[in-house]
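Accompanying notes for the structure given below.
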């Protein structure tokens, strides 16, 4: 079980974080669901809907980049913010080489998601 520093509850449709914003906290969904989406010309492309037990926000932490998607609560949703001291301590235990591998994978996932969105693979809504 991941060490949670604090819990936050969001109402249906409430934004947890916005695409392009800064912040590198990682979240664990305790209850409810979270929709991840990206802005596109026609509105928003839904990438996925995460459920209880899923984590999100890891790419910003691992790659040290702005948020790559908007996270929005689906129904009443409670998320735990994973303890930053724990994350930093665990990450810093990794060799520099493995840290580079994780950053590279995160950036590759970011590019792949952007390409899928550009090619209209995801459902677009408003």
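Every read-out reported here was derived from the displayed coordinates using simple, explicitly stated rules and does not represent laboratory data. A quick note: this is a predicted structure, and the numbers were derived from the prediction, not measured.
Quick look at the values:
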read-out: Rounded Å value of the spacing that divides the Cα centres of the stretch 8-53 and the stretch 68-94; value: 12 Å
read-out: Contact order relative to length of the chain, as percent, for alpha carbon pairs under 8 angstrom and 6 or more apart; value: 37 percent
read-out: Gyration tensor (alpha-carbon) shape descriptor, the stretch 4-117, a/c threshold 1.5; value: oblate
read-out: Additional length obtainable on full extension of the chain from residue 51 to residue 112, 0.36 nm per residue less Cα span; value: 19.7 nm
read-out: Full-stretch length increase - residue 94, residue 8 - with 0.36 nm per residue and alpha-carbon distance subtracted; value: 28.0 nm
read-out: Length added when fully stretched, residue 85-residue 1, from 0.36 nm per residue minus Cα-Cα; value: 28.7 nm
